[in-house]
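To keep things clear, I will list the structure first and then write my remarks on it.
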Amino acid sequence: MPGNTFGSLFKLTTWGESHGEALGLVLDGCPPNIHLTEKDIQKEVDKRRPAENSRITTGRREEDQVQILSGVFEGKTTGTPIAIQFANKDTRSQDYSNTKDIYRPGHADYTYDLKYGIRDYRGGGRSSGRETVCRVAGGAIAKKYLKQHSKTQFIGHTVKIGAIEAKKFDKSTIDKNELKCADPSVAKKMQKYVEKIRTKADSIGAIIEIIIKNPPKGLGEPVFDKLDARLATAMMSIGAVKGVEIGAGFHVAEMKGSENNDQMQSKNKFLSNNSGGILGGISTGEDIVLRLAIKPVPSIALKQKTINTKGKNAIIQTHGRHDCCLAPRIIAVAEAMAALTIMDFYLIQRGTS
């Protein structure tokens, strides 16, 4: 199975399955002499974990304890591959025994069988969102380096759940509510709505936004390796992401050129940021703004029509421990993929400038 590696110079390879012994990553191309501890990575990984006593996230409670196996010596990166492992300790594989021969709608069960003729049915195996813990760990290292070298920061928040949309942005509010919404009054409405959806054994989609502040200028290669193209690839590699907007996104279809163009004044100051911080595939230094459409969790307890592995009609009810809305947990993953992309281009730019 190819396609498990992301990046050109800063290369992340992930391995493992949802219900296997462990998951892990190998990060190659990390510069040496970066002060790095397991705690640095753990604080980012913890952002992905489900909230305690949550009524909207999965009941699976993995510790996701970071274990660095190589690439760090006496608290510093050595420039050699960094290997990190996460043990799976809270698996309940029996939850999937009744559906091992039935394809779950919205999952990769059917396509994995179609392509490989074999699949790990326990929690989706390799196709599970559990794999993303490795991305967050790799992104944590990229975040630390970029913050030290260019003061780059990554801010993720929930913009919309169902038809409920945030109207204000208060950064201090994001970590004060379970859905990570930057509008405190709307956050309460979102919470009640998601809880109501869960009582009906259903799930709901969302839109999240990732803001990259103080990105290095001049990142990105014209034509095929545009920065926005690679960011879109990074975001679409996350299983639940079904759409990506950069800057004004789809709203540009409603705008005139005089409205969409980011006019400039002296000292390289942009008067707006409809481009989302990228022009011609190259970063301008303005905030890079991404919005992602997140699909509803496909694992729901409602009865659904499907087929079994023999192609015969079947009815399925998916039981087990699942999220109702992925928005709050997927933010950490999207931030990590953005950081991995920016870091990769930063090293490319440093090597060519």
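The values are calculated or read from the model by the stated rules, or taken from the named source; none is laboratory data. Just so it is clear, the model here is predicted, and its values are computed rather than measured. Virtual Cβ from ideal backbone geometry, glycine too; neighbours counted across all protein chains shown.
Cβ-Cβ under 7 Å, sequence separation 6+ or interchain: first residue in the range 328-353 and more than 14 Å from LYS11 (Cα to Cα), partner hydrophobic (A, V, I, L, M, F, W, C) and in a helix (DSSP H, G or I). Which pairs?
Partner pairs satisfying both residue conditions: ALA332/VAL136; VAL333/VAL136; ALA334/MET235.
Would you confirm whether any residue within the range 211-219 is assigned to a strand (DSSP E or B), in contact with an Asp or Glu (Cβ under 6 Å, 6 or more places away or on another chain) and β-branched (Val, Ile, Thr)?
Of all residues in the range 211-219, those assigned to a strand (DSSP E or B) come to 211-213.
With in contact with an Asp or Glu (Cβ under 6 Å, 6 or more places away or on another chain) added as a condition, the list becomes 211, 213.
With β-branched (Val, Ile, Thr) added as a condition, the list becomes 211.
Yes, the range 211-219 has at least one match.
With the requirement that a residue be hydrophobic (A, V, I, L, M, F, W, C) and farther than 16 Å from TYR145 by Cα, what does the range 1-44 give you?
Within the range 1-44, MET1, PHE6, TRP15, ALA22, LEU23, LEU25, VAL26 meet the criteria.
Within the range 177-203, can you find the residues that are farther than 19 Å from ILE331 by Cα and of a type in the set (A, V, I, L, M, F, W, C)?
Correct list: ILE197, ALA201.
Residue by residue through the range 314-337, note down the ones that are assigned to a strand (DSSP E or B) and touching a strand residue (DSSP E or B) at 6+ places or on another chain (Cβ under 6 Å). Outline the logic, then answer.
So in the range 314-337, the residues assigned to a strand (DSSP E or B) come out as 314-316.
Within the range 314-337, ALA314, ILE316 meet the criteria.
For the subset of the range 304-326 comprising residues that are of a type outside the set (D, E, K, R), in contact with a Lys or Arg (Cβ under 7 Å, 6 or more places away or on another chain) and surrounded by 21 or more Cβ atoms within 10 Å (Cβ to Cβ), which member is farthest from LEU146 (Cα to Cα)?
This residue is THR318.
How many of the residues in the range 68-124 are surrounded by fewer than 16 Cβ atoms within 10 Å (Cβ to Cβ), under 30 Å from GLN42 (Cα atoms), basic (Lys, Arg) and at pLDDT below 95?
Number satisfying all stated conditions: 2.
Is the range 133-144 home to any residue that is more than 22 Å from the chain's Cα centre (by Cα), modelled with pLDDT of 95 or more and surrounded by fewer than 24 Cβ atoms within 10 Å (Cβ to Cβ)?
Scanning the range 133-144, I find no residue that is more than 22 Å from the chain's Cα centre (by Cα), modelled with pLDDT of 95 or more and surrounded by fewer than 24 Cβ atoms within 10 Å (Cβ to Cβ), so the answer is no.
Quick grid of which residues meet (1) of a type in the set (Phe, Trp, Tyr); (2) under 20 Å from GLY139 (Cβ atoms); (3) in contact with a His (Cβ under 8 Å, 6 or more places away or on another chain):
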site: GLY220; (1), (2), (3): no, yes, no
site: ALA234; (1), (2), (3): no, yes, no
site: ALA240; (1), (2), (3): no, yes, no
site: GLY247; (1), (2), (3): no, no, no
site: GLY257; (1), (2), (3): no, no, no
site: GLN263; (1), (2), (3): no, no, no
site: LEU271; (1), (2), (3): no, no, no
site: LEU290; (1), (2), (3): no, yes, no
site: PRO298; (1), (2), (3): no, no, yes
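So, restricting to strands (runs of 3 or more DSSP E) that lie completely within the range 223-310, which ones have at least 1 residues that are in contact (Cβ under 8 Å) with a residue 24 or more places away in the chain and closer than 23 Å to GLN349 by Cα?
In the range 223-310, 241-246, 288-294 are the strands (runs of 3 or more DSSP E) which contain 1 or more residues that are in contact (Cβ under 8 Å) with a residue 24 or more places away in the chain and closer than 23 Å to GLN349 by Cα.
Would you pick out the residues in the range 261-303 that are out of contact with any Ser or Thr (no Cβ under 8 Å at 6 or more places or on another chain), polar (S, T, N, Q) and surrounded by 15 or more Cβ atoms within 10 Å (Cβ to Cβ)?
Correct list: ASN273, ASN274, SER283.
Taking the range 172-217, which residues are in contact with a helix residue (DSSP H, G or I) (Cβ under 6 Å, 6 or more places away or on another chain), among the small types (Gly, Ala, Ser) and in contact (Cβ under 8 Å) with a residue 40 or more places away in the chain?
ALA206
Does the range 13-62 hold any residues that are acidic (Asp, Glu) and modelled with pLDDT of 75 or more, and which are they? Don't jump to the end; show me each part of the working.
Our first condition is that a residue be acidic (Asp, Glu); within the range 13-62, this holds for 17, 21, 28, 38, 40, 44, 46, 52, 62.
Within the range 13-62, GLU17, GLU21, ASP28, GLU38, ASP40, GLU44, ASP46 meet the criteria.
Output yes when any residue across the range 147-162 is surrounded by 14 or more Cβ atoms within 10 Å (Cβ to Cβ), touching a Ser or Thr at 6+ places or on another chain (Cβ under 8 Å) and at pLDDT 95 or above, and no when none is.
Initial filter on the range 147-162 (surrounded by 14 or more Cβ atoms within 10 Å (Cβ to Cβ)): 147, 149-150, 152-162.
In the following step, the residues that additionally are touching a Ser or Thr at 6+ places or on another chain (Cβ under 8 Å) were identified as none.
Checked the range 147-162: no residue is surrounded by 14 or more Cβ atoms within 10 Å (Cβ to Cβ), touching a Ser or Thr at 6+ places or on another chain (Cβ under 8 Å) and at pLDDT 95 or above.
Condition (residue is of a type outside the set (Val, Ile, Thr) and either buried (at least 16 other Cβ atoms within 10 Å of the Cβ) or closer than 25 Å to GLY351 by Cβ (or both)) applied to the range 167-176: is it met by at least one residue?
no
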